[in-house]
1. Looking at segment A:41-87, which of its residues are of a type in the set (S, T, N, Q) and under 29 Å from A:Val191 (Cα atoms)?
2. Report every pair of residues separated by at least 6 positions or lying on different chains whose Cβ atoms are under 7 Å apart, first residue within segment B:17-35 and of a type outside the set (A, V, I, L, M, F, W, C), second surrounded by 14 or more Cβ atoms within 10 Å (Cβ to Cβ).
3. In segment A:130-137, is there at least one residue being surrounded by fewer than 24 Cβ atoms within 10 Å (Cβ to Cβ), farther than 17 Å from B:Trp179 by Cβ, out of contact with any His (no Cβ under 6 Å at 6 or more places or on another chain) and within 14 Å of another protein chain (Cβ to nearest Cβ)?
4. Please indicate, with yes or no, whether at least one residue in segment B:109-120 is of a type outside the set (Lys, Arg), closer than 30 Å to C:Val22 by Cα, touching a Phe, Trp or Tyr at 6+ places or on another chain (Cβ under 7 Å) and within 14 Å of chain A (Cβ to nearest Cβ).
5. Hey, A:Gly188 hits all of (1) farther than 13 Å from A:Leu145 by Cβ; (2) at the interface with chain B (Cβ under 10 Å from one of its Cβ atoms) but one; which does it fall short on?
6. Would you mind stating whether C:Tyr19 is at the interface with another protein chain (Cβ under 7 Å from one of its Cβ atoms), surrounded by 13 or more Cβ atoms within 10 Å (Cβ to Cβ) and either basic (Lys, Arg) or under 14 Å from the mean Cα position of the chain (by Cα) (or both)?
7. What single numbered condition from (1) aliphatic (A, V, I, L, M); (2) surrounded by fewer than 17 Cβ atoms within 10 Å (Cβ to Cβ); (3) under 30 Å from A:Ile86 (Cα atoms) fails to hold for A:Ile8?
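Only the coordinates and a few stated rules stand behind these numbers; no lab work does. Treat the numbers as computed from the prediction; the structure is a model and nothing was measured. As a convention, Cβ positions derive from the backbone with ideal geometry for all residues, glycine included, and neighbour counts pool all protein chains shown.
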Amino acid sequence: MNTGFMVIFRRDLLVAIRHRGDLANPVIFFFIVIVLVPLGLTPESSKLSEIAPGILWVMALLASLLSLDSLFQNDYDDGTLEQIIILPQPLYFMVLAKIIVHWLVTGLPLSLLAPILGMMLSLPDAGYPALVLSLLMGTAILSLLGAVGAALTLPLGKEGLLLPLIVMPLYMPVLIFGANSVQLAINGFSVIGPLATIGSLLALSLIVAPYVTAGALRLSIQG
Amino acid sequence: MWQWFHRLASPRWFYQASGKFLPWISMLGLFFISLGLVWGLGFAPQDAKQGNSFRIIYIHVPSSFLALVGYYIMAVAGAIAIIWKIKLADMVMKAAAPIGAAFTFVALLTGAIWGKPTWGTYWIWDARITSMLILFFLYLGVIILQSSYEHKGLSSKAAALLALVGTVNIPIIYKSVDWWYTLHQPATIRFTEAPSMHPDMFQPLLVMIVGFYFLYAIALVASIRVEILHRERRTKWVQDLVFTNKNNDP
Amino acid sequence: MFQFENFNDFLYMGGHGYYVWVAYFSSLGVLAFLLVAPFFRKKNIIKEIKKQRHYDSTGYS
């Protein structure tokens, strides 16, 4: 079971690194929309700092959503996924490997670059630690839950907005706790509570999401 | 014993059995709804603060109940379909999805219309309404996933799985939305469902809730029957039914 | 006992008539649709089945 994990992990990481262009997409998207916000609203610092936590989190969420296609679609299209599924190793670990690689190349960069964007949106100082911590854990949850949605819609191809529709209700609790933890930090409250909640959501997702995803993948090759 | 269980799961058995009791539940449903409507609209006292717009509660609350219950019915049917691979359960899930969505829509619509005279606005981002909106999206997801798979000629087990994921999600969503709302709104606006409702107002509500359960059952059974006819259209029993029967009641 | 003086009062609903009646009619409309739609779908299916039998028995048509 470890070998299955490592093989998939190494392979996916290699593929991701080779397609460096694809890697940049979610991050570029993140930057671009953050620029759109002041243009659409106001350049005033004070107003921006009020909405910064929410905007940052929503945009990170959208960027994450955009990147979900890369998780399974390519492997599904060329038949590799089917080969992976029928292997005797537990599918849970191989799915987990894929998701971890996905997070390493989307969620992690997003979380680490968020402070720069926070500065551009006049995020108050107290918000930065909470921003990075909540995003680090939150984007991991988004990758895990997004995988469930991606697996469920796999045989359908890229049909419009079905994936966002399915994944949004799953994302909402994460968004609520993530964005509001930053806001609480700014307002001077302790963020231990909300961050702990995000942590428990992460733990729950780590256990359940790859399992459900594996089930959905099995359904997808049955047809 | 398994024979009985499998007979229960036979679409043909369901079609024939439901044909017998559908007229009865239709009459009962009609009775309760009529009673509730007349009572609630004309005979229940108006609310001290809200006046007569309060009467919208007699549609809003029952439809909210059924919206939520309907989701669990859909999810349980889906679970039975994928675990035991019972076709009838799959049909129940498929039928329950749009019906539940319709009840959710009615709950949202009546809530919005009720909100205007009560709070001055059609929409308000409080915990309950926001959760109901998310429930509507959960339904939509299942419906669209279902029909996309069907469109491609594939089995819609994925929709059942999605429905199950949703059931785990619903309490989490409600808790988080509740937390979010208390964070941002000091509890000045409390939803008007005070636990102590005068019996004169509560009794017609009970009648309407019962009536709505019947409404749901009628819509569900009728829809399942149609789905059965469609899926089993090539079987002998359906062919016999079509070519020897004259009555067309659902 | 009946809460209104006369039918006009009943329609007026103390000023909230618009809200109450729009809410009730639109909701009951949606629910009525839910109940009636299977009726029409069933008619269509029976028509389809009859047509299919016709095609099967007459070969190409």
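1. Those that are of a type in the set (S, T, N, Q) and under 29 Å from A:Val191 (Cα atoms): A:Thr42, A:Ser45, A:Ser46, A:Ser49, A:Ser64, A:Ser67.
2. From residues that are of a type outside the set (A, V, I, L, M, F, W, C), the pairs are B:Ser18/B:Val221; B:Ser18/B:Arg225; B:Ser26/B:Ile218; B:Gly29/B:Gly211; B:Gly29/B:Phe214; B:Gly29/B:Leu215; B:Gly29/B:Ile218.
3. No, the conditions are met nowhere in segment A:130-137.
4. no
5. It is condition (2) that A:Gly188 fails.
6. no
7. (2)
Per-residue answers, yes or no, for (1) more than 23 Å from the chain's Cα centre (by Cα); (2) within 7 Å of chain B (Cβ to nearest Cβ); (3) of a type in the set (Val, Ile, Thr); (4) surrounded by 14 or more Cβ atoms within 10 Å (Cβ to Cβ):
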position: C:Phe10; (1), (2), (3), (4): yes, yes, no, yes
position: C:Met13; (1), (2), (3), (4): yes, yes, no, yes
position: C:Lys42; (1), (2), (3), (4): no, yes, no, yes
position: C:Ile46; (1), (2), (3), (4): no, yes, yes, yes
